[in-house]
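> Before anything else, here's the structure in question.
The values are calculated or read from the model by the stated rules, or taken from the named source; none is laboratory data. What you see is a predicted model, and the numbers here were worked out from it, not measured in a lab. Positions of Cβ are generated from backbone atoms using ideal geometry, with glycine treated the same way; all protein chains shown enter the neighbour counts. Accessible surface is based on the protein model in full, side chains and every heavy atom, while ligands, DNA and RNA are left aside. Shrake-Rupley method; radii C 1.70, N 1.55, O 1.52, S 1.80 Å.
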Amino acid sequence: MVNLPEESLIVVKNLRKSFEDTGDVGVLNDITINIKEGDLVSLIGPSGCGKSTFLRCLNCLELLDSGHIRIGDVEISRASVSQKPDEHMLVTAHKMRTEVGMVFQGYNNLFPHKTVIQNVMLAPIVVKKMRRAEARDIAMKLLQKVGLESVANKYPSTLSGGESQRAAIARALAMNPKVMLYDEPTSALDPELVGEVLQVMKDLDSEGMTQIIVTHEMKFARDASDYIVFIDKGEIVEYDDGDILFTNPKNLRTKEFLRHFTGTETAVNC
Ligand SMILES: Nc1ncnc2c1ncn2[C@@H]1O[C@H](COP(=O)(O)OP(=O)(O)O)[C@@H](O)[C@H]1O
Ligand SMILES: [Mg+2]
């Protein structure tokens, strides 16, 4: 059973977001969802349905128009767009960003002029004022966790796409986030490199990390997620256990969407 508010790490209520050029048609229309600590949740949905915007609102890269988001004990609420963000809201948004690690699709997750380990050490030193030696120890442990200790002193340009994404995960983990968000982390990768990145998420899941992943890897979504959320036109249409959603979707829109993936999903052996 999902969605027991009292044990939820993430609570989203009536989240709305639009952009100036999207006008009255909201990009996110009244999203409400609770996510428990330790859950691995896959977000799926057609291009342009609001998946990235949802993740960006969750870590306050975008400020919500209205609604409520709580992650751990950091809460941000806004009554409407006409409520101007005050200092308290901006400080809260900043705090929220430090609670949440995020990995994006492309190859621009890492600073190119820094080595892999320097990339992982950077935020703890700059943001948390951690001593270099301590930051280095933590970074090395994280690189071991994602299987990259041998490339610690290499520059990002020398890494494969899969290694880059694993390094990006290590870098996000270095801030000790409560939640990891991934926006199509494998969609720019060659198929043979997808599995190694997804495996890191599975490993983190078994350690109890809370993770939300926007993905088109339907096999991974079905097998590894605690549940899958289907979003369409800025709304949560349906969410369920992967096996149930794939074999017996309740909503016609879900059915239509999943039909497109039959036989086209990337084979992933992990
Ligand atoms: N910064 C922005 N400014 C204006 N429109 C945006 C912005 N970000 C996203 N949108 C629009 O919001 C809608 C949802 O986008 P997005 O969240 O990126 O969808 P998805 O990740 O599901 O493909 C799209 O119509 C997109 O053009
Ligand atoms: Mg997107």
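> For residues in the stretch 157-188 being over 17 Å from F111 (Cα atoms) and in contact with a Gly (Cβ under 6 Å, 6 or more places away or on another chain), which is most open to solvent (accessible area, probe 1.4 Å)?
If we take residues in the stretch 157-188 being over 17 Å from F111 (Cα atoms) and in contact with a Gly (Cβ under 6 Å, 6 or more places away or on another chain), then K178 is most open to solvent (accessible area, probe 1.4 Å).
> Looking at the stretch 95-117 only, could you name the residues that are surrounded by fewer than 19 Cβ atoms within 10 Å (Cβ to Cβ), modelled with pLDDT of 95 or more and either at positive phi or part of a helix (DSSP H, G or I) (or both)?
none
> Right, something else. So which residues in the stretch 183-203 are under 19 Å from K145 (Cα atoms) and either hydroxyl-bearing (S, T, Y) or more than 13 Å from the chain's Cα centre (by Cα) (or both), if there are any at all?
T186, L193, V194, G195, E196, V197, Q199, V200, K202, D203 - these are the residues of the stretch 183-203 that are under 19 Å from K145 (Cα atoms) and either hydroxyl-bearing (S, T, Y) or more than 13 Å from the chain's Cα centre (by Cα) (or both).
> So, in the stretch 205-239, exactly how many residues are more than 16 Å from ligand 2 (Cβ to nearest atom), within 18 Å of F104 (Cα to Cα) and part of a strand (DSSP E or B)?
Matching residues across the stretch 205-239 total 2.
> If I go through the stretch 32-50 residue by residue, how many of them are within 13 Å of ligand 1 (Cβ to nearest atom) and open to solvent by 10 Å² or more (accessible area, probe 1.4 Å)?
The number of residues fulfilling the criteria is 3.
> Separate question: Being more than 16 Å from ligand 1 (Cβ to nearest atom) and of a type in the set (K, R), is that true of even one residue in the stretch 61-81?
The answer is yes; a qualifying residue exists.
> Which of the residues spanning the stretch 63-80 are among the β-branched types (V, I, T), under 18 Å from the mean Cα position of the chain (by Cα) and over 10 Å from N14 (Cα atoms)?
The answer is I71, V74.
> State whether the residues of the stretch 21-31 include one that is surrounded by fewer than 18 Cβ atoms within 10 Å (Cβ to Cβ) and within 29 Å of D241 (Cα to Cα).
There is at least one residue in the stretch 21-31 that is surrounded by fewer than 18 Cβ atoms within 10 Å (Cβ to Cβ) and within 29 Å of D241 (Cα to Cα).
> Any idea which of K154, K202 is in a helix (DSSP H, G or I), surrounded by fewer than 19 Cβ atoms within 10 Å (Cβ to Cβ) and either modelled with pLDDT of 95 or more or within 16 Å of ligand 2 (Cβ to nearest atom) (or both)?
Among K154, K202, only K202 is in a helix (DSSP H, G or I), surrounded by fewer than 19 Cβ atoms within 10 Å (Cβ to Cβ) and either modelled with pLDDT of 95 or more or within 16 Å of ligand 2 (Cβ to nearest atom) (or both).
> Can you go through A123, A135, A152 and tell me which one is touching a Pro at 6+ places or on another chain (Cβ under 6 Å) and either β-branched (V, I, T) or in contact (Cβ under 8 Å) with a residue 12 or more places away in the chain (or both)?
None of the other options fit; the residue is A135.
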